[in-house]
Every structure is written in C-alpha cells, then in structure tokens.
Amino acid sequence: MKKLILILQIFIFSGLFFANSLLFQNKAYFFPDKWIDEKILKDIGFKYVKNEKIFMVFNDDLFIGKDGTFTINFDGEYKNAFKIENNELYLNIDFLKEYLNLSVIKKDNLFIYYDTLPLLKSVEFKDNNLTFFFSKEITKEFINLLVDNRDMTIELKPINGNPVIIGNVSFQKNENSFLFFILNNRLKPVPIISFQKNIVKIVLNFTEEDRKTLKDGLEWERKIEVFNEKKYLINYLHIDPKKVEILPIISSNGIGTRQDLREMLKNNNCIAGINANYFDPSTNIPIDLVIKDGKLLSDKYGLRPVFIVTYSNEVFIKRINLEVNIYLDDLLFLVKGVNTNAKGEVLLYTDEYALKIPKDDDKNYFVISNNQIISKEYVEKVPKDSMVLLITKKYDKYLKNIEVGSKVNLTINSDFPFPIKHAIGAGPLLIENGKKLIDSDEEKLRYGNGLALSKTSRTIIAITKEGKVDFIVIEGYNDSPGMNYDIATEFLLEKGYFYAMMLDGGGSSAMVIQDEVVNQDGTIQRGIPVGLGVK
C-alpha cells in the first residue's frame, strides 16, 4: 500500500514543476506529460461523444476510436492516439502533432508544440521598461535572458516578424529569432520578467538590492545573495502577524478555477502575497488543507505540514492530524473529502466550489443551510450560503429518519491545541524547532523525487524564533537554476529560521507587491487556485 501511495504522489506532482506547452490558434495551453485533456480539446474545437466507442468531430473530420486507436474519415488507423481515465478523454500529443501538422521545439526537458510561429509585432523601451508585443500568447520557453556584468542580452526564439521599434534599443534579426541588447549600463541590470497573454514586459532594476516598507509590520526586500558559491535572486516579505493579517485567498471564480495572483490579491484588498497550495492541473482543485476564517474549503492530504494562523494571530508550521465530522440529528459521519472530484462515501461541497457536483446514483444528496437540511434532491451547484452533502446509499438504513428540517452540525477536529482561523497545507517541511528534520529523507519521498530533488524556483514560508513570518521566493540568477530541498534547508538554517516549509514552486512561484510581480520569473499568467495574501 505504501508503495502504491508513493507512485500516486509522484504522478500527481509530476505536472506541477514541469509543463509542456501547446500554442494553437493564438492561445497557449499547458499539459504535464504526453496527454491533452478534455478542457484543452474543447477549447481548441474538438467535439466528441464517449460511449463504447469514441466519436469525435474536428472541422470536417470524423474520428471513430476504440481501445486507443482512431480511424479518421473511415480511412487509416492511428494507434495509441487516445486513452480514457476516470471517464476523461485524453489525446496523445504525438497523434495531435501529426494530425494538426504541429512543429515542436525542445528546451531542457520541456517541449513546445505550435501551429505557426509567433510574430513579434512591436517593441517599446521606455523608463527602463522593455515591452514586447506578439501576435499570440507565448510562454517563457521562447525567451532567454543573459546578464553579463553590466550588459544584458535577450534572445527570442523561435520568433518571426518585422517589429516596430520604439525607443533606444539595439537588436539583431536572425532566422526565426531576434537578439536584443541592453549594453553599457551604469550598474548590473536585474531583469524582472512578467507575461500577460501576448505581452511580455521586462523591468530593469539596476541595483542588487531593493527594500520598501509597505506599512507598519510589512516590509518587502529583494536582493541577490550568494550561497555555496551560487547566486540567487531572493524576494522576502517580512511580516509581523500582530500588526497585519495573513489570510488564504482563492480565485474569485471559485474552487476549481485559476486566477492571476494580482487579481486575487486585488479582490481581497491585499497589499502583497504569494502563491500557495499545490493543485491538480487537470481540475484546478487545491491539494491539501485550506481553512479561511474558520471555514474548511479543502481537506487534509496526508501528514504534510500546515501553516496556521490562530484567532490571536499566533503563527505555526506543524504537521497535524485533522478529521471532519458531520452530525445529521444524532448520526455521526466522517467526511472523506471536501470540495473534491475524488470518490468517497461521504463528501461535502461548500458554495465556494465552482465545478459541477458529481452525480452518482449510489449517493444521497442533502442540501444544507442554517444548520438544517432544506432539500434531499441532487443539485449541480451549491446554493449560496449553503453546503451539499453526499452520503453513499449503503448507509440508507441509518438515514431513514433524516428528512428536510433535520439538524446538521459540522465539526473540525484536530490534534492542534488552538482554534484555527486560517490554514494552508503544502510542503515539504524543511525546518522544525530550528533544526533539520530527523525524517527528512522520508519527508522528501512524500512528494516524489522530482519535487524535492529538482533545482527550481521555490516559494517558502518561514517563521523566526520571535514569531515573525517571512514569505520567500527563491530563484536562480543569471540563467542558473534555483534550489532543491537540501540546499533550501541549509540556506534557511544559516538565516536562523525556526520553522520553514515549502509551498508550490517552479512555474507557480510568484510574489506580488502592490500589483507588481517582483520575482524574476513570475509566470503567473497561468493562474493559480489558492494564494496567501497580506493586508
């Protein structure tokens, strides 16, 4: 069983740090392996019916599929072209590449598939802001930045076009590529790059250290630091939880959707913030605990660490056990999942859940409002200020007296000694009581080797011995990689932190200060489902 759980964890997280890209019809899509999911297929324009066979239409072509093999317009066979998992249809990218006549480029371990090359339409350089306007959405893999002493070179590849150039910037056009040069600067440039659909903006900061007091109890700091002879660009948000509020924030469209971190912070009146939970990229559902203002929005996932804020504004990073109990009159049920598409005997959905509630003939449905049952009928969406409870019909003999009007009581029980106001679960846990973990090898295995061992961008929460909180985003500098688990642990111990844990990293790592992305590689145009804000 332990081996099976480990395999599942490696599969779940394999897509969180590395994502292949598909550029098609002016839009960019991301997928974790060789399979394109239904959401992308629908957006591209595929229409299909799933029965014993798959019937699919795209433009004027008819696809008939069985056992992974497609026949197109009754002519020829394409094996290993699709698969069905959990009643979801996935197309093999190799099949899609051949059918749509896509080109592909490889960068490191990632692949970019595209129908036509993006065109560079114009470039504007003004007040140390270099902005590129493209004909379609692009990804970070099209851009390489190189800083050499006081000079910076930007390579765009593969890119075509005859751009209009506004401002004093030198460039060189090559076959399917451009080189832009920012030379002879007074100080070494620190480029901060951000993506917004077909616009890429590079802000040039000509200093190795920035610092700004945002309000009493909240200070932002960015600097280049050397550790083990490697340079890193590090953003810190220094927080006094007694003077400002730290809180989870979710996409304004609800759980199961993603949003730009800047928009999430703005919608919650936050000054600054970072990305938070891991999430399933196929459903956008958060993985692990989310509690906001005492309300459970996502349940616990194994014995992973949790960042906790109490009602007295004390902060903790701990591994905790937690269970959710719900009483229907005097009947007690253990809730197996909250706001999830996973299967379980007892599931609960809050009105933050944006997706369609699963319909299962083997389930009883109870709509709950004001601590009582108001309906026993299936609903697709949770009504406002309500919850929907699903209980398997195997418990029907106990439920025969449960009717509309029956009382309902939801309780969250944990071994944490204080009431929890806010909580975010993620990991791995890095530091406990000012020391390395005794079980650090086991902790790394909980997340799969790719997550713990890869050198990539990292988002971290750290707590000082005095109970202050630092949000930290660590990135490689000047085309070098970020940190892995062991390097990050040693770095944070040297800083003197007492507790520390990782959040989602890689392409999800982002820090926003007053509506501005301040990390070097904040590819937050992909959106995230959960963040941590400060106000």
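The values are calculated or read from the model by the stated rules, or taken from the named source; none is laboratory data. Computed from a predicted model, the values in this text were never measured in an experiment. Positions of Cβ are generated from backbone atoms using ideal geometry, with glycine treated the same way; all protein chains shown enter the neighbour counts. When the accessible area is computed, the model is the full protein with side chains, heavy atoms only, and any ligands, DNA or RNA have been set aside. Shrake-Rupley method; radii C 1.70, N 1.55, O 1.52, S 1.80 Å.
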Next item on the list: Return yes or no: is I474 under 27 Å from V147 (Cβ atoms), touching a residue at least 60 places away in the same chain (Cβ under 8 Å), open to solvent by less than 40 Å² (accessible area, probe 1.4 Å) and outside any strand (DSSP E or B)?
Entry: no
Notebook entry, point to check: What residue, among those in region 172-214 that are polar (S, T, N, Q) and modelled with pLDDT of 80 or more, is farthest from V147 (Cα to Cα)?
Noted result: T213
Item checked: Residue tally, condition within 18 Å of V203 (Cα to Cα) and in contact with a Gly (Cβ under 9 Å, 6 or more places away or on another chain), over region 130-173 -> 3
Next item on the list: Only one of these is open to solvent by 20 Å² or more (accessible area, probe 1.4 Å) and touching a helix residue (DSSP H, G or I) at 6+ places or on another chain (Cβ under 7 Å): Y99, Y78. Name it.
Entry: Y78
Item checked: Selection within region 275-334 - of a type in the set (K, R) and either without any contact (Cβ under 8 Å) to a residue 60 or more places away in the chain or under 20 Å from N371 (Cα atoms) (or both) -> K292, K295
Next item on the list: Answer yes or no as to whether K107 is of a type in the set (K, R), within 26 Å of the chain's Cα centre (by Cα) and within 24 Å of L156 (Cα to Cα).
Entry: yes
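So, of the residues in region 173-213 that are of a type in the set (K, R) and not in a strand (DSSP E or B), which turns out to be most open to solvent (accessible area, probe 1.4 Å)?
So, considering only residues that are of a type in the set (K, R) and not in a strand (DSSP E or B), the one most open to solvent (accessible area, probe 1.4 Å) is R186.
For every residue, the table says whether it meets (1) assigned to a strand (DSSP E or B); (2) buried (at least 20 other Cβ atoms within 10 Å of the Cβ); (3) not hydrophobic (A, V, I, L, M, F, W, C).
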residue	(1), (2), (3)
N401	no, no, yes
V404	no, no, no
N413	yes, no, yes
I431	yes, yes, no
I438	no, no, no
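Condition check ((1) under 18 Å from G256 (Cα atoms); (2) modelled with pLDDT under 95) across all residues:
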| residue | (1), (2) |
| --- | --- |
| L347 | yes, no |
| E352 | yes, no |
| P358 | yes, yes |
| F366 | no, no |
| Q372 | no, no |
| K376 | no, no |
| V379 | yes, no |
| V388 | yes, no |
| S406 | no, no |
Check: What is the residue count in region 478-488 for residues that are among the hydroxyl-bearing types (S, T, Y) and within 22 Å of the chain's Cα centre (by Cα)?
Finding: 1
Item checked: Total residues in region 263-306, condition of a type outside the set (D, E), farther than 22 Å from V517 by Cα and either more than 15 Å from the chain's Cα centre (by Cα) or part of a strand (DSSP E or B) (or both) -> 18
